[in-house]
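Below is one structure, written out as structure tokens, with a few remarks after it.
Computed from the coordinates by the stated procedures, all read-outs in this text should not be read as laboratory data. These numbers come from a predicted model, not from an experiment. Neighbour counts are summed over all protein chains in view; Cβ atoms, including those assigned to glycine, are modelled from backbone coordinates with ideal geometry.
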Amino acid sequence: MEPKKPHSEPVAPREGAKPSTGRKPYYKATLSSIEDRELPVVAVVGQPNVGKSTIFNRLTRSRRAIIDATPGMTRDRLYGTIHRDMGSFRLVDTGGIEERSDLIAEMIKGQTHHAILEAEVIVFMVDGRAGLTVPDEEIGQALRMQSKPVILFLNKMEGRSPEQIDPEFYKFGFDILVTGSAAHGEGMENLMIAVENKLEGKWRDPKKAVASPPIRLAIIGRPNAGKSSIVNKMLNEERVMVSDIAGTTRDPIDSYLNYNKQTFCLVDTAGIRKRGKIKGSQESLSVLMATRQVENADVIALLVDASDPEAAQDAAIAGIANKAYKPIIVVVNKWDLVEDKETNTAKKFEERIRRRLKFLETAPFVFVSALTGQRVTRVLDLAVELHERASQRVTTGVLNRFVEDIAKNHRVPRAKGRHFKVFYMTQVEVSPPTFVAVVNTNQPLHFTQERFLVNRIREAFELDGVPIKLVIKPRSGRNADKE
């Protein structure tokens with residue numbers, strides 16, 4: 001079939017689509033959710049460094065995919081959902097297909113192949129300035145064998161006319177060819193219309209929204225602690241790449257799971273090493289993205305390697321979650337490798353960790369094996385419990401009775417010869433539970449006094465394992481220190 005030659009006019013839109021106004025096209029984009037899994041999939045494939053992650057970020061209006069000049073930054077599949085007037089579809093970013101045959105390259109090919117198999121439409125990206133290359137020809141030949149609609153997108157064509165296209169690209173025989181620039185946003189509407197045309201008859205209604213929003217459970221830890229293995233075991237599929245090579249995971253990977261009538265968004269993150277051991281901009285970006293996922297999560301699963309319990313980096317990683325006021329589950333992985341276990345082995349291990357990480361004194365521990373699946377689902381059960389605790393709200397009336405009880409029945413610690421008195425308290429936020437206490441002093445409370453108040457709140461309202469944010473304010477309109 002003779003391919004349609006690119007031109008300056010937009011690709012003809014589907015019947016029923018709103019006419020173009022010449023203004024910036026309107027569409028919405030969101031992170032993929034569990035209900036979006038019924039939507040048609042559009043996969044972006046091609047060689048490394050042709051701009052796949054750039055166009056994914058551009059179309060999903062996000063910064064989820066790491067962009068770097070170094071080839072091979074994207075490894076696992078990244079999903080985002082795009083909502084258009086004619087319907088919605090899921091866009092999936094894939095790793096670059098390379099000729100090399102090492103373990104990582106083969107695993108990237110496996111992830112890309114999975115995306116191609118599930119896709120309704122494939123966007124084959126090439127570098128339009130570089131011209132047709134041998135790897136491009138091999139990828140194009142493989143895509144023709146899939147018998148799926150393919151849109152050939154010539155990227156990096158900013159400032160170039162259709163006449164400057166390498167005629168060799170027409171050898172592919174794909175019936176739609178679009179030019180543009182992902183970095184500059186050129187040709188995006190033409191590409192979107194071409195996708196809509198290819199999806200005609202394939203639109204599907206997504207599932208009804210789930211009863212409760214997903215719990216975002218971020219899996220964090222050092223490289224090779226078993227984060228991706230845990231996620232795969234929970235999903236019962238090879239969703240993310242797993243190898244003994246540290247740094248295999250780079251982009252944060254979202255995966256959705258229904259478990260016991262609750263939806264989870266499992267976020268697999270890159271391993272976080274000591275700052276001095278981070279090599280290059282790629283790993284720096286991966287660590288930055290992992291830190292952002294901690295801030296966006298509802299609950300954190302901190303993976304600790306049972307074979308190396310004294311690693312100082314575990315404390316630094318846990319500190320990131322603690323500073324973000326996130327509930328933490330300490331997941332001790334590779335417990336099956338610990339030999340000569342006795343009745344109190346797990347308890348002693350837990351005590352060692354708690355002595356080093358004082359701020360985890362109320363965090364729950366679970367001892368698992370990602371290899372065998374032992375107690376892996378217990379992590380999900382604990383995530384539900386912690387999320388519910390962090391989301392509860394205490395009424396002001398109940399808090400005022402709590403304040404009265406402290407005054408009557410508890411010995412309030414003194415600091416520097418001064419005691420403090422709480423006049424009243426209110427909760428202003430959930431996740432984390434944030435309490436404002438109005439007190440009788442303009443001076444900051446001593447840490448022992450704050451600790452006393454936080455511990456009483458935790459005991460009274462069953463907030464074990466949940467970080468509590470306490471805001472101290474002096475009573476307004478008076479000289480508080482004289483009260």
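Counting every alpha-carbon pair across the stretch 396-482, the share separated by more than 15 Å comes to 58%.
Arrange the following residues from fewest to most other Cβ atoms within 10 Å of their Cβ: T291, T372, T343.
Working: T291 17, T372 11, T343 6.
In order of increasing Cβ crowding within 10 Å: T343, T372, T291.
Applying 0.36 nm per residue to the separation of Q443 and E361 and subtracting their alpha-carbon distance, the gain on full extension is 26.7 nm.
Put simply, the amide H of T179, placed in the peptide plane, has neighbours under 5 Å in L154, leaving out anything fewer than 5 places away on its chain. Each of D85 and S307 was given a label point 7 Å from its Cα along the Cα-to-Cβ line. The distance between the two points is 5.8 nm.
Filter K323/K358; K323/K469; K233/K358; K421/K473; K171/K202 down to the pairs with a C-alpha to C-alpha distance above 19 Å, please.
Values: K323/K358 13 Å; K323/K469 10 Å; K233/K358 30 Å; K421/K473 12 Å; K171/K202 28 Å.
Too far apart for the 19 Å limit: K233/K358; K171/K202.
With neighbour counts taken as other beta-carbon atoms within 10 Å, the residues D340, D405, D268, D305 rank, fewest first, as D340, D405, D305, D268.
Close amide-amide hydrogen proximity is noted between V123 and A43, V44, V45, I151, each under 5 Å apart and 5 or more residues distant or on a separate chain (H modeled in the peptide plane; Pro and chain starts excluded).
For the stretch 361-436, the list of trypsin sites (Lys or Arg not before Pro) that fall in a loop by DSSP and count at most 14 other C-beta atoms within 10 angstrom reads R393, R411, R414, K416. Placing R0 at 30 angstrom, the Cβ-Cβ distance between K473 and A316 gives a FRET efficiency of 0.40 after rounding to 0.05.
Scoring 148-159, 132-143, 163-174 by mean Cβ neighbours within 10 Å over their residues and listing the highest first yields 148-159, 132-143, 163-174.
If r is the Cβ-Cβ distance from E388 to F423 and R0 is 22 Å, what FRET efficiency results, to the nearest 0.05? Could you put the intermediate results ahead of the total?
Working: r = 30 Å, r/R0 = 1.37.
After rounding to 0.05, the efficiency reads 0.15.
Sequence-ordered 3J(HN,Hα) estimates for the stretch 389-402 from the Karplus curve with 6.51, -1.76 and 1.60 and θ = phi - 60° stand at 5, 5, 9, 6, 10, 9, 5, 5, x, 5, 5, 5, 5, 4 Hz, glycine and proline given as x. Subtracting the Cα-Cα distance of K408 and E118 from their residue separation scaled by 0.36 nm leaves 97.9 nm.
Report the charge-dipole magnitude of the stretch 396-482 in Debye, nearest 20, computed about the Cα centre from +1 at each Lys and Arg Cβ and -1 at each Asp and Glu Cβ. Before the final figure, lay out the partial values.
Working: 15 positive and 8 negative charges, 110 e Å.
About 540 debye.
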